[in-house]
Protein chains: 2
Amino acid sequence: MRWDDISAQTCSIAKATSIFGDRWTLLIVRQLFLGIRRFSDIQQSLGITKHRLTDRLNRLIEEEIVFKHLYDERYNRYEYRLTEKGLDLYPVMITITQWGDKWVCDHDGVPVEYVHTECGEVANPRLCCSCCGKPLSLDNTTLKVGPGIVKKCARDAMSDVDKMLYGRLLDQQEQEP
Amino acid sequence: MRWDDISAQTCSIAKATSIFGDRWTLLIVRQLFLGIRRFSDIQQSLGITKHRLTDRLNRLIEEEIVFKHLYDERYNRYEYRLTEKGLDLYPVMITITQWGDKWVCDHDGVPVEYVHTECGEVANPRLCCSCCGKPLSLDNTTLKVGPGIVKKCARDAMSDVDKMLYGRLLDQQEQEP
DNA sequence: TTGACAGGTTCCATTTTGCAACCATAATTA
DNA sequence: TAATTATGGTTGCAAAATGGAACCTGTCAA
């Protein structure tokens, strides 16, 4: 499978991977969240080559995750900022951080903590059900095929990849309607 | 910066990126979550070459995210399963899926939905404060340096990368104790 | 006028990936 | 019994992505 074909898949993780599945992109986004926005600051703080950084930033701009903001008209200087689509990656950054904090952290402990300003406490974010508010886990959730697959199935437009990925789920749901 | 140096950083996102920052690893983990566990099934369903899949699975085993499980003694056949460390990636998978569903989904709609079995509804998972239970967002959270940085700072052991990343946060907190 | 800085681009070597062929073991079929 | 198939790989080479260093352009500051 070629790289372009991955982004063409129905799966949202595949599409996200086609954007972030490389050495640098997620780290660049992290810098932007931390307020490191200028080309040279990002470049030096990451130790990425200018070449690669130019490339990745352009990709992020193409994907409308980042935009260039003129912060100094006299000098014609730009900084890179997250769009709404980019800012929406906040939960992803948080869950990755938490996984890393738990499993790959060094003995000194967690490097940063999230504070919930409304209650003033360290937040320790966790995923909850938007309906009843209770915490979600692997044990109390199941997967269900959504409209994206149901529609494709109805008009016989499922790709081979889709069939392998979601076929089992579809079969289950057809048996117990 | 070389690839090995990235995993040596204090930042949890950097460490996670050093594991998942490639074309395939996250997609392999997705297959495992979906119950696609055998070498040839993963290989065919992803369109990854055997070569690469061997490589990535071994890396995941090294990182103790995946382990080999003998499922047929007669044939000496193994399947790949997620360890606790691997299963703990569930929130990451969910938040990435949600981001993808919102921003890069095709017009047919969401491919899969998460159902909360306790309340029976589609879950639409969101991050909440473990202390007060209220939803978290970029607007109601702030970052604070944790023990990992405080300790390194105290014994003057912050790397240059750490200083650039967390220096600003540290300064802020020293000013307003 | 010289130097420095921000923000790149160009060129080439190195590393990572993709593709195809091959291999070993065990089971199944002819 | 011999040939074929399935699983789970390994090997070798070409193609693509990445890293490193040098170079370029526009602006300002000394």
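Distance from the C-alpha centroid of segment B:43-75 to that of segment B:99-113: 28 Å, rounded to the whole angstrom.
If R₀ is 22 angstrom, what is the calculated FRET efficiency for the pair A:V104 and B:C131, using the beta carbon separation as r and rounding to 0.05? Don't jump to the answer; show the numbers that get you there.
Working: r = 25 Å, r/R0 = 1.12.
E between A:V104 and B:C131, to the nearest 0.05, is 0.35.
Between identical copies, the spacing of B:P147 label points, each set 7 Å from Cα toward the C-beta atom, reads 4.8 nm from nearest to farthest.
Solvent exposure of segment B:109-154, expressed per residue, is 46 Å² of accessible area, with all protein chains present and a 1.4 angstrom probe. Over segment B:11-118, with a single point scatterer placed on each C-alpha, what log10 of the ratio I(q)/I(0) does the Debye formula yield at q = 0.11, 0.16, 0.23 1/Å? Values, matching the q order: -0.40, -0.82, -1.38. Starting from the label point of A:V122 at 7 Å along Cα→Cβ, the same points in the other copies fall at 3.7 nm, in ascending order. Distances between equivalent label points of A:R77 across the copies, with each point positioned 7 Å along Cα→Cβ, amount to 6.3 nm, shortest listed first. Simple spin-label estimate for A:V150 and B:Y78 gives 4.1 nm between the two label positions (7 Å along the Cα-to-Cβ direction from each Cα).
How many percent of the accessible area of chain A is carbon or sulfur, using a 1.4 Å probe? Write down the numbers at each step before the final one.
On the way: 4110 of 8920 Å².
Summing carbon and sulfur atoms, their accessible area is 46 percent of the total for chain A.
Go through A:K134/B:K151; A:K15/B:K134; A:K151/B:K102; A:K85/B:K151 and tell me which ones have a Cα-Cα distance over 27 Å in this structure. If you can, show how the numbers build up before the last one.
Numbers: A:K134/B:K151 35 Å; A:K15/B:K134 30 Å; A:K151/B:K102 18 Å; A:K85/B:K151 35 Å.
Those over the limit are A:K134/B:K151; A:K15/B:K134; A:K85/B:K151.
The values are calculated or read from the model by the stated rules, or taken from the named source; none is laboratory data. Fair warning: this is a prediction, and the values are worked out from it, not measured in the lab. Note that each Cβ is placed from the backbone with ideal geometry, even for glycine, and that neighbours are counted across all protein chains shown. The accessibility values were calculated without ligands, DNA or RNA, using every heavy atom of the protein model including side chains. Shrake-Rupley method; radii C 1.70, N 1.55, O 1.52, S 1.80 Å.
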